[in-house]
Every structure is written in structure tokens, then in C-alpha cells.
Amino acid sequence: MLILFLKSAVIAGTPLLFAILGAMFNERVGNLNLGIEGMMLLGAVAGFQAAIYSNNPFIALLFAMIFGSLGALIYAFLTVTLRTNQVVTGLTLTIFGTGLARFHGQKLMGMVLPEDFSRHFKPLSIPFLHEIPVLGPFLSIFLEQDLFVYLGFVSAILSGIYLFKTRPGLNLRAVGESTASADASGINVTLYKYIHILLGGALCGLGGAYLSLVYVPSWQENITSGRGWIAVALVIFTSWNPYKAIGGAILFGGLDILGFRIQSLNIPVNQYFLRMMPYLATIIVIIIGSIRKSSRHTPPKDLGNPYFREER
Amino acid sequence: MEKTVFVEMNNICKTFGVIRANRNINFRVNQGEIHALLGENGAGKSTLVNMLSGIYTPDAGSIEIYGKPVKIHSPRQAFELGIGMIHQHFKLIDVLTAAENILLSEKGSLFLSEKEALKKIQKVMENYGLLIDLSKKISDMSVSEKQTVEIIKVLYRGAKILILDEPTAVLTPQEIEKLFVILRNLAKGGCAVIIITHKLNEVMTISDRVTVLRQGETIATLDTQSTNYRELTELMVGKPVDLTIERLPSKKGNLMLEVKNLTVLGEHQVKVLDNVTFDLYGGEILGVAGVAGSGQKELCESIAGLYPVESGSIVFEDENIVGLNPREIIRKGISMSFIPEDRLGMGLIPSMDMVDNMLLKDYVNQPGIAIDRKPARQKAERVRKRLNIQTPGLSTPIRKLSGGNIQKVLLGREIDSNPRLLITAYPARGLDIGVSYNIYDLLQEQKQKGVGILYIGEDLDVLIELCDRIMVLCDGRITGIVESKSITKEGLGLLMAGESLTALEKEEHLCRL
């Protein structure tokens, strides 16, 4: 029972995981991107459309990433090159993404993905796994999942290695911490910002695609239902750390499905209250985050500041 | 011996909006020399070197490095040419370690192998006799350690031309001595060192040659040995300047401020002021000396009502002002101007113009909800004239003014409110000679009017010449209050380091009157 619940928590957490990673890369280079929700929706609709056309999972994911990054490209051009206000630009991107997904999604309404597409994303079953005592069922939470979930974990771990073990990772952290210092050190700040904002967009696109291709899997309006916003909060909760992002995503995935589970147990709780849980928890998490002000839990220092080299 | 020219800048021009920061500047630096770039604030020193380090690009003129004409478009390009700049405000990432900062933007394998890199850094450090804990985070470092990291960083990248922008502004005398040893080593090792400063004694001690800039123009390049303080000052300011402060006499007034057993707590419940007791009379300047961070800031702020007092009393004209809010304290005629280390000013709002900044303290005295700008405008005009503030206009945001002018706006506003007690901390911080002496004159003028002045200062010479009495703080405790006529600079230094007055008498740093 618990294993089953945790398994679904991992699944529900996967779109969040991608979105958190996407938001994290944006913020690590000093850009507060509130367009996460918009980029997720762009990825969701593009992935779904590509899947219907091509019936090929790679092409579907590729399109989700491309459209996610296209949204990010608009944002990057405005905030990095034209130095517009990051908050306003991000909000605009969300409105744009939502609108575009809704507009195009009208045609996709009611369509179902063909069976031979969906079989690519069937949970794997690993032989003998359950026969390992104690550890077996526990491992099955993470391992008996579809390939897309695997991709999420791999992305998180690779992001962590990239961020903390490589030269570009060090440089990109420097850009977010002090853009002027990074620039004076000879780092191409503009290039780093563009690359990682676009990378973030691609990850958000994947997060959206998981919803439309695997989780639901059909098109419905507002398919992300605020997950992009939760991700923005969860970046803070997980301290801009990709490893912690995995835990944060699963925790909130769990809260997301808690409602259904409790209903099926016939416990009399108002369903609206249960559906409110993830959002309520988000607020609580933010409050906790701002109370525990430790040195290990501070945002990148130059987050949200536009940078212009010759400014006096 | 023929000297190689490392840097040659010809007819450099650079304008920012309407301000012409550099006009036809010519500047040459040879290998193996320490070249001082001397000038008042706003003379264009930083602008000039920022064009070498790739932060700015010149509007006109040519740059030659090692005899080859170059165009430097980015800091990266500057590194590749072997130009390393140590900025006045360090360009280091606080959350990273020293080693990580040094390795930033280095080309090489994708994965960082810290061990190998550390070896390379250590070798550079040994070559130049530098010492630092490479695994320490920048945020845990002292200012002088940070500076060392910056120096290692540029050397590690193979810099042959080192530029230091006001490197001594934040160091103690001992740290400055250490820095100068390092710089001499570098010059001996074949580097060219450019040091920007407005302090004459540093020019005389460290440099081989000196180039003087004034108002964006090159005035002269001289051999340091063949020049002197007086000549350099004249070149720098443009007119002869008297370098002594004459302590003006004034009638000692009534007891104005009486601080008794004042104790305040800082972070982690540490006492930042410990049982501080002193008094201040009208018509006197009481100096406060001490190493930065000895409790000066907390002292100012507790008197001004900005800092919570743990115990003790602050009696201003027979009334205990502990617990009053800042506005009530201002109403009583206590005025504070504090110039923090970054100089952008406390008590001023950078994006507002002079008029609005004047209004900040006055608007509460106006009736109704609408604001009348007229009196503030008059006041701003008065302050501008009186202190000779250089500004394009009263409606220019003050952040666009130079540091010295911003400081004058702050001090001018405080003085114009006719305070009874004036607390001023580092009013001349980072200012050039001419303006500093203006400010000392202003303070003396106030003193003669009977105002009590608490002057927190850095420069011991100035403290001794300007103040009537000097109180020395060390770690939040008073180590001595002395008549400034009876103390030497060395004596003050010892008190600052925590020696007691009785110990001083034995060593004869203090002459009994």
C-alpha cells in the first residue's frame, strides 16, 4: 500500500522535478524566471502534437524541449539583451505560453495517444527485484518506473555533477552570485545566461511533456494546473540544489496525489481541501524557507539584477 | 639599460553622457617599475585603467601593449594580454573558496581536478612569497586576505601588468606595509605595477614614477625621487594647498552629552560596546580613534537612536535619550552623518535628487499631506553653494555625483539643520586633499558656533590636529581619553591596540601637561 503510494508520488513528482531543475538553471545564472508555467505548457502542447503526428517518442520529446527553449529564448532576449524587468517578463511568458497552449490545444481536445506510442512509456518491470529482502520493494519505488521518470533522475544527477564538479558549472554559479565579478574574471556572462536559460526552458518543456504524454495522457486544458508556480517555490525549498530537488519533487508529488488516495480510503475529508494541499504546502514551505536563514540556504546573490558592464 | 615599454596609451578619450572622464590622456608604463597614478577623485584614474582591463572601451585614442597596438574589448582579452586588475571593490564571489575564485573562467578540462590546480596555485604563491588558505571561503576572509586572493588570481593567470585600484584604502598600516613588500617583489620579478591612489605618502614610499591626472587630463609624469609632496599636491589640486590644520580655539561650553556605562550587544550576543563612559562639551571636537569595527558604528547609532541599547544611559542636556526614536532625537538637535566603507552614504537615497534628499529630514515638519518643495530647493541651493558641490543640477539623482560630492551633500544637510550635537563618522573618507580640508574647516566653523562634535576618524594625523580631545576604542572598550595636544601618533596606535594609559606614560608616548 505504502509502496504503491510512494511509486505514484515519484510519478506525480516527475514533472515537478523537471520544472525545478529548469527554474534552478535560470536562477543559478541570476535570472528569476516566472515563466516556468508557460514554458511547461508550451512543451506539453508541442510534445503532444508531435507525438500525434510522428508516433515517435524521441521526436515528441525533442519538440517539447525545442518549444520550451523557444519560450526561454524570448525571455532571455528580453531580460539579458534588452535588460527588461525579469519579473514582468516572466509573467508575460507564462501568459503567452498559457494562451498559445490553449489556442492550439482546442484542436487536440479529446485526442488520445496511439497505443504503440504509449507503450514506450510503460513502467519497466525488473525481474527478481521483489525477491531482495527489505531493499527490494524500496528500490522498486524508483526502479519500476517508466523511462521518462528515469530521464528525470538522470537529469537531476547530471545537473548536480555539472554544477558542482565542472568548470562551466563553477563559472555559471559565479555568474549568479556576482555577475560583475564573473565578468571581470573573463567569463562570457551573456553567453552563460543564454545557454542556461535555454537549457532551463528545455527542461521545463520536458516537464510539461511528461504531463501530456505519460501522466494524463491526453490533452486537457491547463494541464499543468499551477505546477510551474509550485516549482518556482520549490527551487527555494530545495536550496538551488539538483540533488535536493529530487526529494522536493517526490514530496510534493505525494501531496498532489494525497487527495485521491484519501478519497479511495473513504475518509471523510473535504475534497477541495485535499486538492488545495500542494498549494497550501507551497506557502508553508516558503514561510519556513524565509525563517531558516542559514548561510547554506541563500539564493544566488545577483538573482533578479540586470547586468550592464559599463554602468557607473 | 633599455627599458621595455609595457603599456602605452595615447590620446585616450572617454565620455559618460555629458561627463568627459578622460581627455587626450597619455600614459606610459615600463617593465619592472611601480608606477603611481595620482589624482583627486573624479580625475579619471579608474576610468583610464578600466580601459586597460577591458571594462570600458575608449571613445578615441590608441593603446599599445608590449609595443603592439591592441583593442581590448573584454576582460577576457585583457587577461590574454597579461593585464590583471585588482579592483577597489573586490571582484570575488563570496560563497566560493579562494581556490575556486582563482580558477574561475580558466580554460581546461571539463572536470575540475582541484588537487592539480592547487599545486599550480601553490607554486605561484611560493614564487612571490604570498600566503593564504586556499580552501577558505571568501566570506570568512578579512579585507587584506581578499586582496591577497585577488593578487594570486591575476598572477596565476600569468599577468605581467598589474593594476591596483586604491589598494590601501581598506588596509591597516601594517597590512599596507605587507602589500608594498609584495608589490616590490612583483616589480623585481619583471612585472609592471600600476597603483592608483590619491595618498601622497604612498606615492612617495612605493612608486618609481608617478603620473598626475587632473580633471581627466594628464598633467605630468615625474620620477618620484626628483619630486616632493608640495609639488605633487600642486599638480594634483592645481593650486598650492596648505597641508596643516590649524586647530581653532573656541570657548568650551556646557556639558552637552554624557554617556554612562553604555553597553550594546552585536551578533551572537557579543558586547560591541562595553561599559563606555565619556562626556562631550559644547564647542569641542571629541575625536574617536580605533581600528575599524571597534564599535564606532554602534556608538554613533546608539546615540542617534538606531541601535538598541542593552544597558547604560545617554544623557543629552539633562535628559536620558535612551529609548527615544530617531525622529525625537533629531528634534532635540542631534544630527548624524555616517559615511560607510562603500561610501554610497547612509542617510541619503542614491536615486533621488538633492532636493528630495533634503526633504527626507524636513518633510515631517510641514503641515498637511502635500509636500512643498520650495524650502528644500532653497536649502539644496544653499548647501550646494556653501560646500561647492559639483553637480549638473539640483534635480540630478545624487548617485550620479562623485563620491566626494555625495559626502558633501550628506554633511551639508546635517550642518544646515543647525544641530546642537553633530556626530560625524569618516566625513573625509576617500576624499581628495582639497575637499577634505574644506570639510575640516566646516567642522571647525561649527565648533566655534558652540556645537558639540563627535568625530570618528581614521587618519591619526588629522585626529591629532583637528580634535580637542581623543577617545580611543579597542574592541568596544575605551582604552583612553586624552588631550590631543599631549599624545603622539605612536601613542594613539598603542591605545588602539589595547594598551592602557598607564603603560603609555612609562614609555613616554604621553607627555603630562
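Here are the numbers:
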{"quantity": "Within the stretch B:55-75, tally of residues that are in contact with a helix residue (DSSP H, G or I) (Cβ under 9 Å, 6 or more places away or on another chain) and outside any strand (DSSP E or B)", "calculated": "8"}
{"quantity": "All positions within the stretch B:55-75 that are surrounded by fewer than 16 Cβ atoms within 10 Å (Cβ to Cβ) and within 11 Å of chain A (Cβ to nearest Cβ)", "calculated": "B:Thr57, B:His73"}
{"quantity": "Complete set of residues in the stretch B:366-412 that are modelled with pLDDT of 85 or more, of a type in the set (A, V, I, L, M, F, W, C) and part of a loop (DSSP other than H, G, I, E, B)", "calculated": "B:Leu394"}
{"quantity": "Residues (of a type outside the set (A, V, I, L, M, F, W, C) and either at the interface with chain A (Cβ under 8 Å from one of its Cβ atoms) or under 23 Å from B:Tyr56 (Cα atoms) (or both)) located in the stretch B:108-128", "calculated": "B:Gly108, B:Ser109"}
{"quantity": "Leading residue by the ranking (nearest to the other protein chains (Cβ to nearest Cβ)) among those in the stretch B:147-167 that are farther than 14 Å from B:Ile182 by Cβ and not hydroxyl-bearing (Ser, Thr, Tyr)", "calculated": "B:Arg157"}
{"quantity": "Residue count for the stretch A:51-82, restricted to those that are surrounded by 14 or more Cβ atoms within 10 Å (Cβ to Cβ) and under 25 Å from A:Val189 (Cα atoms)", "calculated": "16"}
{"quantity": "Selected residue (criterion: nearest to B:Ser337 (Cα to Cα)) from residues of the stretch B:382-411 that are within 14 Å of chain A (Cβ to nearest Cβ) and among the hydroxyl-bearing types (Ser, Thr, Tyr)", "calculated": "B:Ser402"}
{"quantity": "Close pairs (6 angstrom Cβ cut-off, 6 or more residues apart or separate chains): of a type in the set (Phe, Trp, Tyr) in the stretch B:219-239, surrounded by 18 or more Cβ atoms within 10 Å (Cβ to Cβ) anywhere", "calculated": "B:Tyr229/B:Leu200"}
{"quantity": "Residue list for the stretch B:129-142, restricted to those being surrounded by 15 or more Cβ atoms within 10 Å (Cβ to Cβ) and either closer than 20 Å to B:Gly84 by Cβ or more than 10 Å from chain A (Cβ to nearest Cβ) (or both)", "calculated": "B:Leu130, B:Ile132, B:Leu134, B:Ile138, B:Met141"}
{"quantity": "Subset of the stretch B:470-507 that is of a type outside the set (D, E, K, R) and in a loop (DSSP other than H, G, I, E, B) - its residue that is farthest from the chain's Cα centre (by Cα)", "calculated": "B:Ser500"}
{"quantity": "Test: residue in the stretch A:34-56 that is under 23 Å from A:Ala245 (Cα atoms) and part of a loop (DSSP other than H, G, I, E, B)", "calculated": "yes"}
{"quantity": "Pick from the stretch A:87-120, criterion at pLDDT below 90 and not in a loop (DSSP other than H, G, I, E, B), ranking: nearest to A:Val149 (Cα to Cα)", "calculated": "A:His120"}
{"quantity": "Counted residues, the stretch B:373-397 - those being in contact with a Ser or Thr (Cβ under 8 Å, 6 or more places away or on another chain) and either under 20 Å from B:Asp459 (Cβ atoms) or of a type outside the set (Lys, Arg) (or both)", "calculated": "2"}
{"quantity": "Count - residues of the stretch B:78-106 that are outside any loop (DSSP other than H, G, I, E, B) and either under 15 Å from B:Val49 (Cβ atoms) or in contact (Cβ under 8 Å) with a residue 40 or more places away in the chain (or both)", "calculated": "10"}
{"quantity": "Condition broken by B:His89, with the remaining ones in (1) within 14 Å of chain A (Cβ to nearest Cβ); (2) within 26 Å of the chain's Cα centre (by Cα); (3) surrounded by 19 or more Cβ atoms within 10 Å (Cβ to Cβ) satisfied", "calculated": "(3)"}
{"quantity": "The listed residue being assigned by TED's automatic domain parsing to the domain that holds B:Glu301 and either in a helix (DSSP H, G or I) or modelled with pLDDT of 85 or more (or both), out of B:Tyr437, B:Tyr363", "calculated": "B:Tyr437"}
{"quantity": "Matching residues, the stretch A:257-278, being within 21 Å of A:Tyr215 (Cα to Cα) and of a type in the set (A, V, I, L, M, F, W, C)", "calculated": "A:Ile257, A:Leu258, A:Phe260, A:Ile262, A:Leu274, A:Met276, A:Met277"}
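Yes/no matrix, rows are residues, columns are (1) on the phi > 0 side of the Ramachandran plot; (2) of a type in the set (Gly, Ala, Ser):
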{"position": "B:Phe16", "(1), (2)": "no, no"}
{"position": "B:Asn24", "(1), (2)": "yes, no"}
{"position": "B:Arg28", "(1), (2)": "no, no"}
{"position": "B:Gly44", "(1), (2)": "yes, yes"}
{"position": "B:Tyr66", "(1), (2)": "yes, no"}
{"position": "B:Val70", "(1), (2)": "no, no"}
{"position": "B:Pro75", "(1), (2)": "no, no"}
{"position": "B:Gly82", "(1), (2)": "yes, yes"}
{"position": "B:Met85", "(1), (2)": "no, no"}
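The values are calculated or read from the model by the stated rules, or taken from the named source; none is laboratory data. Owing to the predicted nature of the structure, the values given are computational and were not obtained by experimental measurement. Please note: Cβ atoms are built from the backbone with ideal geometry, for glycine as well, and neighbour counts cover all protein chains shown.
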